Structures are given as structure tokens and as C-alpha cells.
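Each remark here refers to the structure printed beneath this line.
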Amino acid sequence: MGLQILGVSGSPVPNSNTDRAVKAIMEASGLEHDFVKLSDLHIRPCMACKRCVSDNVCKQEDDFGWLYKKVLDADALVIGAYSPYSSIDAFTKAFLERLWSLRHVNNLLRGKPVVTVVSGVYPKLLDNPVLRFSGLSRLISRFALPVDKVNRMLATELRMDRMEVLGQVKLRGNVPCLTCGHGDDCEMSSIKFLHGKNAKASVDKCVRVENQEDVWRELQRLGKTLGARLTAKASN
């Protein structure tokens, strides 16, 4: 087996923008790769039992029991997350917590390159003409913050495990109100706030990562950078 990259996505949406962004990075690397969708697995959060300290093996009996072996075997990781409630999604957070079992004494993740991808609802809100001149600059800043905040949280956790964060990407996701079936009548719907007072719920308003040109170029660039980095390291 040659050099291999493991991609994991915390998005529960089938074939989501986050999934496809993670895969795009791996494909651009030109190396062998494997993809895992965390919502398809059963991975509990860390129970803080500390029984992993002596041998770096988590004693919980769930899917992390085989996934951690893939993490260790991989030459690099690509981790995709999304940002509900201005935080890391629960699937990705549980995965990150369980990596704690690999850091004690032997620090098994030291030096492993990693790239992160985080999706959120319109991280570039100023592109929205409805809001651009609305005077809601403070609200816009607060609303745009979650994607950057989650990327910082990811970088902090990964660096605490002594991994090397090679790059981070943020991309636009889609508000669930567009496709939940009640986006036009729910008082909590964000459709009018995001798309204008006359906007209606429609799948046509959903964005695709492939159409976010700057983001797509960055995914390709990071994939090629990661591939070149691993190939050069292997040849030394």
C-alpha cells in the first residue's frame, strides 16, 4: 500500500458539501485515500476513564475500535465539520475527543499532517445584497463568526495532539429551513433574513461547494500541497 490519506466528515447530510469538499482535497492529492462518514458510525465521546493511558487503546466498545487503526495507518488526515450553534458538530467533536487516547506517553499522532474543512451558513454574508447596506454590521459579524471559530477550535485540538495543521478551508453550507418543509411558515425560519423578505423556501437556493470558485480552488491547492508534502517526505 502506498501513501494514504484518511478523510472523515461530521456532516450527517448524505453527500453533503462537507463530504464532497473532503473528498475533493484527497482526490487532488493524487494519492490513495479512504473516506469515513462519522454519522454512519457509533462513536461515543470520551468518558475520561483514563484506561487508555498505559497502552494508547480506548477501552470503549464502539466503532472507534477499528477507526483509530485507520487514523494511525494514514499518512495524513482531512477532517470535515460543520458549525451548528457556533460550535463543532457532535459527530466531529466525539471523534476528536477519542483521539485523546492516542496522545499519552507515546504521542502517536505527533507530526501527522491534517487539513480541516468547515461549512457554515454563508460565511461571506457581506456578499448578500440584502444585508450589505442594512446597517447590521455587528449582527453580520456575529453571524459570520461561527465558521472561523470552529476552524480555530479544530486547529487548537489538533495542535494539542501535536499534529501539523497544513491548512483550513471554510465554505458555505445551507440552512435547513430551505428543505425542511416548513421554511415559509415557521417563525424561527431564517430564510427571509438570509435571502430577503420575499424569499420562499426552495431547493434552488441551496449552494454547492463546486460552484464556490474561490473555495474550490483552495481545496484543489491544499490537496496538491498535501500530496506533494507526503510524496517528498516519503522520498527522503
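Which lysines, on any chain, are close to Lys192 with Cα under 30 Å apart, when same-chain ones fewer than 8 places away are left out?
Counting by Cα, and skipping residues close in sequence, Lys192 has these lysines nearby: Lys124, Lys149, Lys170, Lys200, Lys205.
Once you sort the root eigenvalues of the Cα gyration tensor of the chain as a ≥ b ≥ c, which label holds: rounded (a/c under 1.5), prolate (a/b larger than b/c) or oblate (the other case)?
Details: a/c = 2.19, a/b = 1.66, b/c = 1.32.
Because a/c hits 1.5 or more and a/b exceeds b/c, the chain counts as prolate.
Can you spot the lysines whose alpha carbon is less than 27 Å from Lys69's alpha carbon? Ignore those fewer than 8 places along the same chain.
The reachable lysines, counting only those whose Cα sits under 27 Å from Lys69, are Lys23, Lys37, Lys50, Lys59, Lys93, Lys112, Lys224, Lys233.
Work out Dmax and Rg for region 140-236 from the C-alpha atoms and quote the Rg first, both in angstrom.
18.5, 61
If R0 is 22 Å, what FRET efficiency do you get for Arg159 and Ser87 from their C-beta distance, rounded to 0.05?
Efficiency, rounded to the nearest 0.05: 0.75.
Which of rounded, prolate or oblate describes region 1-127 when judged by the alpha-carbon gyration tensor and an a/c cut-off of 1.5? Don't skip to the end; give the middle numbers.
On the way: a/c = 1.98, a/b = 1.35, b/c = 1.47.
Oblate shape, in that a/c is at least 1.5 and b/c is the bigger or equal ratio.
Could you sort 195-207, 60-72 so that the peptide with the highest average Cβ count within 10 Å comes first and the rest follow in order? Walk me through the numbers before you get to the answer.
Numbers: 195-207: 13.1, 60-72: 15.1.
By packing density, highest mean first, the sequence is 60-72, 195-207.
Where does the chain land at 222 nm, in deg cm²/dmol rounded to the nearest 500, when only DSSP H runs of n ≥ 4 count, each adding -39500 (n - 2.57), divided by all residues?
Values: 7 runs with 88 residues, N = 236.
That calculation yields -11500 deg cm²/dmol at 222 nm.
Can you tell me how region 56-106 classifies by the Cα gyration tensor, rounded, prolate or oblate, using a/c under 1.5 as the rounded cut?
Prolate shape, in that a/c is at least 1.5 and a/b is the bigger ratio.
Pick out which of Val13, Val209, Val169 has the largest mean-square fluctuation in a Gaussian network model of the chain, springs linking Cα atoms closer than 10 Å.
Of the options given, Val13 has the highest mean-square fluctuation.
Under 10 Å, Cα contacts only: if you run a Gaussian network model on the chain, which one of Glu187, Glu218, Glu164 comes out with the highest mean-square fluctuation?
Looking only at Glu187, Glu218, Glu164, the largest GNM fluctuation is found for Glu187.
Please list, ordered by chain and number, the residues whose modelled amide H lies under 5 Å from the amide H of Val121; skip anything fewer than 5 residues away on the same chain.
Gly173
Working from Cα positions, state the angle (0 to 90°, nearest 10) between the long axis of helix 137-160 and the longest principal axis of the chain.
10
Rank Asp73, Asp55, Asp185 by mean-square fluctuation in a GNM of the chain with C-alpha springs under 10 angstrom and give only the top-ranked residue.
Fluctuation is largest for Asp185.
Mind checking the dipole of the chain: about its Cα centre, +1 per Lys or Arg Cβ, -1 per Asp or Glu Cβ, Debye to the nearest 20? The partial results should precede the final answer.
Numbers: 34 positive and 26 negative charges, 146 e Å.
That gives the chain a dipole magnitude of about 700 debye.
Can you run phi through the Karplus equation (6.51, -1.76, 1.60; θ = phi - 60°) for region 187-196 and list ³J(HN,Hα) in whole Hz, with x for Gly and Pro?
5, 8, 4, 9, 4, 5, 5, 7, 10, x
FYI, it's all coordinate maths here, none of it is from the lab. Since this is a predicted model, take the numbers as computed values, not measurements. All Cβ positions, glycine included, derive from the backbone under ideal geometry; neighbour counts span all protein chains shown.
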